[in-house]
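Undergrad: Have a look at this one.
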Amino acid sequence: MEALVAAVIAVMTSCGVYLMLRARTFPVILGITLLSYAVNLFIFVMGRLTSANPAVIGSGATYPDPLPQALVLTAIVIGFAMTAFVLVLALRARAELGNDHVDGNDQMSINKYLNDDHHANKKGEGRSL
Amino acid sequence: MSHWIIAPILLPLFTGLLLLIGAGWGRRIARVVSLASLALLVGVDVHLLTVAAAGEVSLYALGNWPPPFGIVLQLDRLAALMLVVTGVLAFFCAAYAAAGRDGPGDSLHPLIHLLLLGLNGAFLTGDLFNLFVFFEVLLLASYALLLHGGGPRRAKAGLHYVVLNLAGSALFLIAVALLYGVTGTLNIVDMGERIAALDPADRPLAHTGGLLLFVVFGLKAAVAPLYFWLPGAYAAAVGPVAALFAIMTKVGIYSILRVYGLAFASDGAGFAGFLSPWLWPLALVTLALGVVGVLAARELRQQIAYLVIVSVGTLLVGVAMNTVASLSALLYYLVHSTWICAALFLMADVMRQQRGEMTDKIKSGPPLQQGTGLGILFFIASASIVGMPPTSGFVGKVGLMQAVASPLEAIWVWPALLLTGLLTITALSRTGSTFFWRTEGEPTGDGRASASVLAVIGGLLVFSISLSFAGNRVLPFMDATAQQLSDPAAYRRAATLFQPVPEDAP
């Protein structure tokens, strides 16, 4: 079970980091969300993995550590609020800057436009501006 | 168990909420409430400072659960010092805003109080997870403060700032979870004890957790190479917010002192000084890159933001030396640089409004309307940040240079600090002469600052300069604070002596 959970956390973290390095705000936010899922799972696992074992004293021979569960709850709530905030901020930035590039200057589409222009000129078709 | 310890958290919380509820009461009432609450807060902070100056570590157990099981607030000299620095800074920033510069909208004052809630909580808490929670509180308030006023430049800087800090929060949680996983506690003092007695097989995990925490605190403190967000963010914020943010980098430095001074201080497990190989190069690189930024900046606000990074580098040099003398000098420098950088940001805001289209670009433009008064203030602040006698910057830098433990350290520290001072003086004298002497055309006629605005800036400078004139009282306090920080046993003693309030007490 430990290996499986560790693999899940690893995959989610790497996907999250990959998405966070993208140039558009929406993938970045998705990346943050995935990363926070991975982190929440990680905190939970730090209370050690057991199965069919409620976190209540006296309900069984042993009981799992309840503290990481409380911590995870706090982390989920905070992460949720932050995601909502960053989504609104990304929408605002899109409205203010006119594009959804994280740096606000949409160099990618400018390059694409220039390349297209270049191609068009080479073929001798020209482009009316 | 004195209930005063929790007052610096509750007071801004309730004031912030009151101001949010009373958003429709008009700006005048909001200003009065805000300033009155901040004056009260400074009073409470000073009371706590006198309590802490007696030398005891006082604990406040929330919910009456004794440490290390419950969450505790912990008042020591360092926490009390940070509270006072923050309180005074916030009072002056709010006073500056209240002098007609708190628009647009009426959200600035409540946000300042919510930021204070997070800051004061982070300074007082003795619990690592609680530190995370208060970090989030202060960050959320700071996101909104940074965006205050709107506009594309703030939206872009804000997006970078928020995303970076969310990534930082994720790292913080991983580090906290790792440390909890190996030690089974979140109380910082208790964690120190358990790390000292850690099973050798678990030490690499604790080591990883410790270094991850350093990345998080380094991001908050804007240590190289994690400082790229700072100049854009600080230069985009409105004047009073930029000034208030002067404390934000210091929260990172404070957390480094707190966590590595208490949780990772044990010699037994080989954790004492495990940060030093990282701290030295990072401190010197931060200093160097900060100075390059100061020289290369094209706008005054950006230049001051780089001065903040230089001060972070200087503080890190003090952390890296890690002796009682260097800690004492570092704390003195921390107070000085917070207030001076804030005063510089407020000045830049006033000057910017008097230069018409040139705003704060470092190019010749129309003469300032209040050139004489602003020039004198700018000169005093520049002399202090550079470190000329008799200002507080001089005392702080000399203290740091005297704190070197070996000739080898002196070879690195002295040239670094002295060259930084020289290059900063070059850059600031160029800025000053461009703004005040190399002027062209007629004054623009708008943006004249009222006497109260100039008085607020002057007041902040007076506070900062008085650090050097009241040195005979300030320096022994800093020494005692450094002494207390280097003695984790005192904190353990406080925890064992702690008595919960009896059940039947009124």
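The values are calculated or read from the model by the stated rules, or taken from the named source; none is laboratory data. Everything quoted here is computed from the prediction, not taken from an experiment. Cβ sites come from the backbone with ideal geometry, for glycine too, and all protein chains shown count toward neighbours. These area figures cover heavy atoms from the full protein model, side chains too; ligands, DNA and RNA do not enter into them. Shrake-Rupley method; radii C 1.70, N 1.55, O 1.52, S 1.80 Å.
Undergrad: Just add up the charged neighbours of A:A55: K/R +1, D/E -1, any other residue whose Cβ is under 14 Å from the Cβ of A:A55. Working shown, then result.
TA: Values: positive: A:R48; negative: A:D65.
Here the count lands on 0.
Undergrad: Work through the residues other than B:D127 whose Cβ is under 13 Å from its Cβ and net out their charges, Lys, Arg +1 and Asp, Glu -1.
TA: 0
Undergrad: When the convex hull of the C-alpha atoms of chain B is computed, what volume per residue in Å³ does it have?
TA: 134
Undergrad: If you fit an axis through the alpha-carbon atoms of helix B:324-354 and take the longest principal axis of the Cα set of chain B, what angle between them do you get, 0 to 90°, nearest 10?
TA: On a 0 to 90 degree scale, this one is about 30.
Undergrad: Using alpha carbons only, how many degrees (0 to 90, rounded to 10) separate the axis of helix B:108-124 from the longest principal axis of chain B?
TA: It is inclined by approximately 30 degrees.
Undergrad: Related question: Using a 1.4 angstrom probe on heavy atoms only, work out the carbon and sulfur share of the accessible area of region B:294-469 in %.
TA: The computed percentage sits at 67.
Undergrad: So, one more: Contact order normalised by length for chain B, with contacts defined as Cα pairs under 8 Å and 6 or more residues apart; what percent is it?
TA: 15
Undergrad: On to the next question. At a probe radius of 1.4 Å, figure out the B/A buried accessible area, summed over both chains, and give it in Å² to the nearest 100.
TA: 2500
Undergrad: Using a 1.4 angstrom probe on the protein heavy atoms only, line up B:M388, B:M347 by accessible area, largest first. Walk me through the intermediate numbers first.
TA: Working: B:M388 80, B:M347 0 Å².
Correct descending sequence by accessible area is B:M388, B:M347.
Undergrad: Continuing with the same structure: Any of B:K156/B:K361; B:K363/B:K397; B:K220/B:K397; B:K156/B:K397 with alpha carbons more than 25 Å apart? Name them for me. Before the final figure, lay out each step's value.
TA: Working: B:K156/B:K361 20 Å; B:K363/B:K397 31 Å; B:K220/B:K397 23 Å; B:K156/B:K397 36 Å.
Correct reply: B:K363/B:K397; B:K156/B:K397.
Undergrad: Pulled fully out, how much extra length does the chain show between B:I6 and B:A272, if you take 0.36 nm times their separation in residues and subtract their Cα-Cα distance?
TA: Working: separation 266, 0.36 × 266 = 95.76 nm, distance 3.16 nm.
Taking B:I6 through B:A272 to full extension adds about 92.6 nm, to one decimal.
Undergrad: Sort out for me the Cα centre separation of region B:402-430 from region B:24-38, rounded to whole Å.
TA: The two parts, judged by their Cα centres, are 44 Å apart.
Undergrad: Right, next: In square angstrom, rounded to the nearest 10, how much accessible surface does A:R48 have for a 1.4 Å probe?
TA: Only protein atoms counted, so the area is about 150 Å².
Undergrad: Can I ask one more? Going from most exposed to least, what order do B:H207, B:H113 have by accessible area with a 1.4 Å probe?
TA: B:H207, B:H113
Undergrad: Another question about this same structure. Report, to the nearest 10°, how far helix B:152-183 tilts away from the longest principal axis of the Cα atoms in chain B, using its own Cα long axis and a range of 0 to 90°.
TA: 10
Undergrad: Just the Cα atoms of region B:294-469, one point each, no solvent: what log10 I(q)/I(0) does Debye give at q = 0.11, 0.19, 0.20 Å⁻¹?
TA: Debye output, listed in q order: -0.47, -1.17, -1.26.
Undergrad: Right, next: Checking buried surface per residue: for region B:118-145, which residues lose a minimum of 30 Å² accessible area in the protein assembly relative to the chain alone (1.4 Å probe)?
TA: The answer is B:F129, B:E136, B:L140 - residues whose exposure falls by at least 30 Å² when every protein chain is included.
Undergrad: Another question, if that's okay. At 7 Å along the Cα-to-beta-carbon direction for both B:D446 and B:R27, put a label point, then send me their distance in nm to one decimal.
TA: 1.5
Undergrad: What number comes out for accessible area per residue over the protein assembly as shown if the probe is 1.4 Å? Units Å², please. Write out the running numbers ahead of the final one.
TA: Values: 26020 Å² over 635 residues.
Accessible area per residue: 41 Å².
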